[in-house]
Amino acid sequence: MGLSRESELGMSIAEGGFSPFERDDGEHPDKRTGPTLRCNHYLRAQGHDGENPWHSWANSAEGPAGEVLSGWSLRRAHLPARVAEKHSETAWMSDRAIDFIRESGERPWLSHLSCIKPHWPCIAPAPYHAMYGIDALLPVVKAEAERDDPHPVFGAFLGMDAAQAFGRDELRGRVMAALEAEGRLDDTMIVFTSDHGDYLGEHWLGEKELFHECSVRIPLIIVDPSPAAEATRGTVESRMVETIDLVPTFLDALGVKLPTNRFEGRSLCPLLRGESTPWREAGFSELDFVFYKARTTLGLDVQQASCWMVRTERWKYIAFKAFERAQLFDLEHDPDELVDLGQSDAHAATRAELHALLCKRLADRRNRVTVSDEDVAARTDGARANGVIIGEW
C-alpha cells in the first residue's frame with residue numbers, strides 16, 4: 001500500500017487493527033523489526049543463548065549426548081523441550097498479558113491473548129510432554145473408502161507431508177487470578193476459543209486446512225459479566241455461530257452501534273442473554289489454499305484455489321471454484337464424515353439447495369465498507385440538492 005510499517009496507519013494495517021503490546025513471532029523472530037519483539041531477549045536473559053533460542057531452546061529437545069534435537073521433527077514430540085515450563089512460550093505470553101491488564105488500570109481495554117501451543121513445532125516442556133501417552137488418545141476417525149476416488153482437492157491434500165506423517169498408525173489459572181486481583185473479573189467479558197482444529201491423522205490428514213468437523217468445529221466459551229446473562233449462565237448454545245461474530249459481540253457489549261456496512265458477523269449478546277431473535281440457518285467457512293503444495297499438485301492457477309463450506313444442522317456442502325464436483329456429507333447419518341455424497345444422484349436436489357444457500361451468503365458480503373448505511377440513506381437521490389441535474393428535458 002506504499003505505507004511505512006513504522007507509521008501509525010502502517011502498523012495498524014500490518015497488525016490487523018491491533019496495537020501490539022507483545023508478540024511471539026516464532027520461526028525467525030530476530031528477522032522482524034519493532035520494539036515489542038522481546039521473547040528471544042527474554043530467553044537469552046535466562047541463559048538460553050544462541051542465534052534463535054525460540055528454536056534451539058523453547059522448541060527443541062536434547063539428545064543423549066546433549067545434542068540439540070529440533071522440535072520440527074514429529075518423531076521428537078515425546079521429548080521435553082529444553083526450557084522449563086516457566087520459560088515456555090505460553091508462560092511468557094501469559095506474563096505479558098498480566099502486565100497489560102495491570103498497566104491498563106481502570107480504562108476500558110480489550111486483550112487478544114493468543115497462545116501458540118499446542119501447535120507445531122509439536123514439542124512441550126516438562127511435565128506437559130509426558131502428561132498424555134498413546135493410550136490416552138481417542139481412536140482416529142478415518143476409513144479406507146475415503147481414499148477411493150477422493151475429490152481432487154482432498155486427494156491433493158492427502159499427498160502433502162503432514163498427511164503422510166499423520167496418516168500413519170495452566171494458562172487459565174494465572175490470568176484469571178490476575179483479573180481478580182485487579183478487581184476486573186466481574187466487569188470483563190472473557191472468551192476462550194481457537195482459530196482452528198487439527199486433523200492429527202483423522203481422514204488420513206495432518207494440519208488443518210479442509211472442512212471436516214475436527215478442523216472447523218472449534219471451542220467457544222464466553223463468560224458475560226452482564227446481569228442480563230444470568231438466565232443462560234452455564235448452558236450450552238446449539239445454534240450456529242462463527243468467529244466473525246466476536247467483534248460485533250464486543251462492540252455490542254460496550255453499547256457501540258454496530259457498523260452494519262462492514263460487519264457480516266452478528267452480535268452474540270442476544271444469545272448470551274436469552275433474548276428471542278431470528279438466527280442464521282447455516283454456518284459458513286472458506287479456504288484459499290493458494291500457498292499450499294496441493295494447488296501445484298492440481299495444476300491450478302493462483303486465482304482458482306478457493307473453496308467454500310456451508311454447514312446446516314444436518315448437511316455439510318463444500319464447493320470448489322476449479323471443480324464442478326462438490327462434496328456433501330449427511331451429518332445425521334454419517335457424523336464421522338466418511339461417506340462423500342458429492343456425486344450421489346439421489347442427493348442432487350440437496351446439493352442444489354445448499355449451493356443456492358452458499359450463493360446467497362456470498363451475495364450478502366459487505367463490499368461497500370467506506371460509507372455507513374445511514375450516510376447512504378441520507379445521500380440517496382440527493383444529486384439535485386447538490387446542483388447536479390441529470391436527464392431533465
Select from segment 102-144 the residues that are touching a Gly at 6+ places or on another chain (Cβ under 6 Å) and β-branched (V, I, T) and write down the one among them that is surrounded by the fewest Cβ atoms within 10 Å (Cβ to Cβ).
-> V140
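Every residue, every condition in (1) surrounded by 13 or more Cβ atoms within 10 Å (Cβ to Cβ); (2) modelled with pLDDT of 95 or more; (3) within 26 Å of S306 (Cβ to Cβ), yes or no:
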{"residue": "M189", "(1), (2), (3)": "yes, yes, no"}
{"residue": "L200", "(1), (2), (3)": "yes, no, yes"}
{"residue": "H203", "(1), (2), (3)": "yes, yes, yes"}
{"residue": "E207", "(1), (2), (3)": "yes, no, yes"}
{"residue": "E230", "(1), (2), (3)": "no, yes, no"}
{"residue": "S276", "(1), (2), (3)": "no, no, no"}
Among the residues of segment 118-132 satisfying the criterion of being in a loop (DSSP other than H, G, I, E, B) and of a type outside the set (A, V, I, L, M), which is farthest from M93 (Cα to Cα)?
-> Y132
How many residues does segment 63-108 contain that are under 30 Å from F21 (Cα atoms) and of a type in the set (G, A, S)?
-> 10
Do we have any residue at all in segment 243-263 that's of a type in the set (D, E) and in a loop (DSSP other than H, G, I, E, B)?
-> no
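Residue-by-condition table, conditions (1) assigned to a loop (DSSP other than H, G, I, E, B); (2) more than 30 Å from R325 (Cα to Cα):
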{"site": "L341", "(1), (2)": "yes, no"}
{"site": "A348", "(1), (2)": "no, no"}
{"site": "L354", "(1), (2)": "no, no"}
{"site": "L358", "(1), (2)": "no, no"}
{"site": "R361", "(1), (2)": "no, no"}
{"site": "E392", "(1), (2)": "yes, yes"}
Scanning segment 318-339 residue by residue, those assigned to a strand (DSSP E or B), of a type outside the set (K, R) and within 19 Å of A156 (Cα to Cα) turn out to be I318, A319, F320, F323, E324, A326, Q327, L328
Which residue pairs have Cβ atoms under 6 Å apart, sit 6 or more places apart or on different chains, and have a first residue in segment 272-289 that is farther than 16 Å from E242 by Cβ and a second that is part of a strand (DSSP E or B)?
-> D288/S306
Of the residues R147, R184, which is farther than 26 Å from I221 by Cβ, more than 26 Å from the chain's Cα centre (by Cα) and surrounded by 14 or more Cβ atoms within 10 Å (Cβ to Cβ)?
-> R147
Considering residues of segment 214-228 that are crowded, with 17+ Cβ neighbours inside 10 Å and not hydrophobic (A, V, I, L, M, F, W, C) only, the residue nearest to D288 (Cα to Cα) | S215
Does F289 meet the test of being within 22 Å of the chain's Cα centre (by Cα), buried (at least 18 other Cβ atoms within 10 Å of the Cβ) and not aliphatic (A, V, I, L, M)?
-> yes
Checklist (1) modelled with pLDDT of 95 or more; (2) within 25 Å of the chain's Cα centre (by Cα); (3) not in a helix (DSSP H, G or I) applied to C115, failing item = (1)
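The values are calculated or read from the model by the stated rules, or taken from the named source; none is laboratory data. Every value quoted in this text rests on a predicted model; they were computed, and no experiment measured them. Every residue, glycine as well, gets a Cβ built from its backbone with ideal geometry; the counts of neighbours run over all protein chains shown.
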